[in-house]
Amino acid sequence: MSDLFEKYDVAAPRYTSYPTVPYWENAPSEKEWIGDIEKALENTSLAWSAYLHLPFCESACSFCACNTIICHDHNVEASYVRAIQSEFLLYLDRAPELKNKPLRQIHIGGGTPTFFSSDNLQRILSPYYEKLDIDLDCIDASIEINPVFAKIEQLRALRSYGFDRLSIGVQDFNPEVQREINRSQPRHVTEALVYEARALGFKSINFDLIYGLPGQTQQNIKCSADTAIELKADRIALYSLALVPWIKPAHNELAKTAPKGREKRALYEVCRRAFLEAGYVEIGMDHFALPDDSLARASATKTLHRNFMGYTDFRSELIIAIGLSAISQSIGCYHQNTKDLDAYQKAVMSGRFATTRGHMMNDEDKARYKQILSLMTCFEVELESEEQEEDAKHFLSSLLTDGLLRIENRKLYLTEIGRPFLRNACMFFDERLRRKAPETRVFSQSL
């Protein structure tokens, strides 16, 4: 098996979208973007999702590839709150039917969202709850948390708005590994936050862990997995360290000592074994959940979904993303805001969308998006024709020969031992990548 990891550890997209961002073209005008939103809103049964991006962090973790702003001056909160309020109201003005469709899901990511005070978190959320159709008993509301920068009053404020899910950035519980990635997060701090959140009524707590970090061994990462189990995380995301030094120069230094190839994959397998033995269900390519968690139930019933926010048990044809660099998605269109803070704030405060890029999907894009989504969430996908089946047999011949995939009755299946190679299999459906390979590095390694 270790030889297969060496063989298939190639640069590959994570497929949180299709087409993938480097292949976006034909960016929508404001009229086209709003028109696609309005088309989605015509669906009488539509419930939509919202994402808010809060980009500020007080310190930089060397592994991070997110769009963040390192800042110690909390005076920046006020102007950013005004900006995202303005962008939200801009959407309501351009697409007023949003007010009449139920908001089913809201997620706050970053950055470090709890960089913002409890008062400012409430200022961010209050327009949504004042102007939209939100049922506090039904809303799926979650936020990313760094326990070091989270206070009990922030958790109380979030609970008052129906938030009942936390995603805690742990990465690794080992202090030496934390030092390697410029992070200090003692176990007792995380543990205290978990207990406080449970006491306040948060019903689902996710831990983000990363394998492939400098200093990790099979022994110490097993201790991190055991700690996550001991603290009864409902969900665990076990991400591969994604090195993208062409975007984040700090990754050049990490790459010198980070485990690679079969050594890196062994770290995942140690954690996977621990989670499965503890009763967790493996979901998708890097998630685990307790059997009674909604994510596990969605996986069992093949209703699991995947988007820019990761794996989710709720599928919406419309995600409105607010904030710096935020990516929205409608039925036939992607839209991303600028990554420049000054440009973003100037645009939305003057009543304009802060568009930096996007993509209008054609019929081929939509067909391949559905196939990739099926394979990423259900590990199986219908092949649309005899021609596509023959193409799959040719393009995926190595994966088929190695027993990682099988084709039966015009259907492609990922086998149990093929799960680590999910991204490799999805590349077959990536028509844009197959037609034109990137001239520079744009994707992290698949394993």
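A few notes on this one:
- Residues of region 201-224 that turn out to be touching a helix residue (DSSP H, G or I) at 6+ places or on another chain (Cβ under 9 Å), assigned to a helix (DSSP H, G or I) and either surrounded by fewer than 19 Cβ atoms within 10 Å (Cβ to Cβ) or not small (Gly, Ala, Ser) (or both), as a count: 5
- Test result for Arg198, charged (D, E, K, R) and in a loop (DSSP other than H, G, I, E, B): no
- Test: Asn182 is in contact with a Ser or Thr (Cβ under 7 Å, 6 or more places away or on another chain), closer than 23 Å to Ile229 by Cα and among the polar types (S, T, N, Q): no
- In region 243-258, residue surrounded by the fewest Cβ atoms within 10 Å (Cβ to Cβ) [restricted to those that are out of contact with any strand residue (DSSP E or B) (no Cβ under 8 Å at 6 or more places or on another chain) and assigned to a loop (DSSP other than H, G, I, E, B)]: Pro249
For (1) of a type in the set (Asp, Glu); (2) assigned by TED's automatic domain parsing to the domain that holds Ser86; (3) loosely packed, with under 15 Cβ neighbours inside 10 Å, each residue gets a yes or a no:
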position	(1), (2), (3)
Ile322	no, yes, no
Tyr369	no, no, no
Cys378	no, no, no
Val381	no, no, no
Gly403	no, no, yes
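- Complete set of residues in region 225-242 that are modelled with pLDDT under 95 and outside any loop (DSSP other than H, G, I, E, B): Tyr239, Ser240
- Residue within region 215-230 that is touching a strand residue (DSSP E or B) at 6+ places or on another chain (Cβ under 8 Å) and more than 29 Å from Asp3 (Cα to Cα) present: yes
- Candidates Asp73, Asp3, filtered to the one that is surrounded by fewer than 16 Cβ atoms within 10 Å (Cβ to Cβ), outside the structural domain of Pro113 (by TED's automatic domain parsing) and out of contact with any Gly (no Cβ under 6 Å at 6 or more places or on another chain): Asp3
- In the set (1) touching a residue at least 24 places away in the same chain (Cβ under 8 Å); (2) in contact with a Phe, Trp or Tyr (Cβ under 8 Å, 6 or more places away or on another chain); (3) closer than 30 Å to His251 by Cβ; (4) aliphatic (A, V, I, L, M), the condition left unmet by Ala60 is number (2).
- Selection from region 36-50 of residues that are crowded, with 16+ Cβ neighbours inside 10 Å and either in contact with a Lys or Arg (Cβ under 8 Å, 6 or more places away or on another chain) or under 23 Å from Glu364 (Cα atoms) (or both): Asp36, Ile37, Ala40, Leu41, Leu46, Ala47, Trp48, Ser49
- Inside region 176-207, residues that are in contact with a Pro (Cβ under 8 Å, 6 or more places away or on another chain) and of a type in the set (D, E, K, R) make up a count of 1.
- Candidates are the residues of region 294-313 that are within 25 Å of Leu89 (Cβ to Cβ) and assigned to a loop (DSSP other than H, G, I, E, B); the one that is modelled with the highest pLDDT is Phe308.
- Among residues of region 77-101, those that are more than 17 Å from Ala326 (Cβ to Cβ) and of a type in the set (A, V, I, L, M, F, W, C), counted: 1
- Single residue of region 301-315 satisfying the filter (hydrophobic (A, V, I, L, M, F, W, C) and within 16 Å of Lys370 (Cα to Cα)) that is surrounded by the most Cβ atoms within 10 Å (Cβ to Cβ): Leu304
The values are calculated or read from the model by the stated rules, or taken from the named source; none is laboratory data. Please read these numbers as outputs of a predicted model, since none were measured by experiment. Virtual Cβ from ideal backbone geometry, glycine too; neighbours counted across all protein chains shown.
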